[in-house]
Amino acid sequence: ANHQRYLAQDAAYKTVVSTAQQGDPDPAFKLARKYEDGRGVKKSYSKALNLYQVAANSSNTKKTANHHHAMFSLGFMYIHGNGVDKSRAKAREWWSRGAQLGNPDCQRDLAKFNLNNGKSEGEEKLE
């Protein structure tokens, strides 16, 4: 039963990536959140990262908010080192992209990042 469930999840993962590559980031973003949090699927930062990147880089023909919410999530993963090496530069890059598109979360965290000399709020507690 578990094997069939994993096969179904793998098929869904591939379908979601394909959908995002065709311009709809919403399914990729939503599935990324599930993988990041381990809700309904086995927690996987690497799958979450990949799906967030696919959503953030989608052509976004539907003009959905999840396109730039994915950019915020990528910044968060990089600043905290969730499944990736910590990278302030990459966090800033993703937040800058999202901020340019008008995402208020990216704008807020980018401003805090810049005011705190490249550290996000609470990051000191994690180091």
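The values are calculated or read from the model by the stated rules, or taken from the named source; none is laboratory data. No experiment lies behind these values; they were computed from the predicted model shown. Using ideal geometry, Cβ is built from the backbone for each residue, glycine included, and neighbour counts are taken over all protein chains shown. What goes into the accessible areas is simple: the full protein's heavy atoms, side chains included, and nothing from ligands, DNA or RNA. Shrake-Rupley method; radii C 1.70, N 1.55, O 1.52, S 1.80 Å.
Values computed for the structure shown
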| quantity | calculated |
| --- | --- |
| Residue ID - nearest to the chain's Cα centre (by Cα), chosen from residues in region 71-88 that are more than 15 Å from A99 (Cα to Cα) and assigned to a helix (DSSP H, G or I) | M77 |
| Top-ranked residue of region 19-70 - restricted to ones that are part of a loop (DSSP other than H, G, I, E, B) and in contact (Cβ under 8 Å) with a residue 40 or more places away in the chain, ranked as surrounded by the most Cβ atoms within 10 Å (Cβ to Cβ) | P25 |
| Subset of region 91-119 that is of a type in the set (A, V, I, L, M, F, W, C) and out of contact with any Phe, Trp or Tyr (no Cβ under 8 Å at 6 or more places or on another chain) - its residue that is least open to solvent (accessible area, probe 1.4 Å) | A99 |
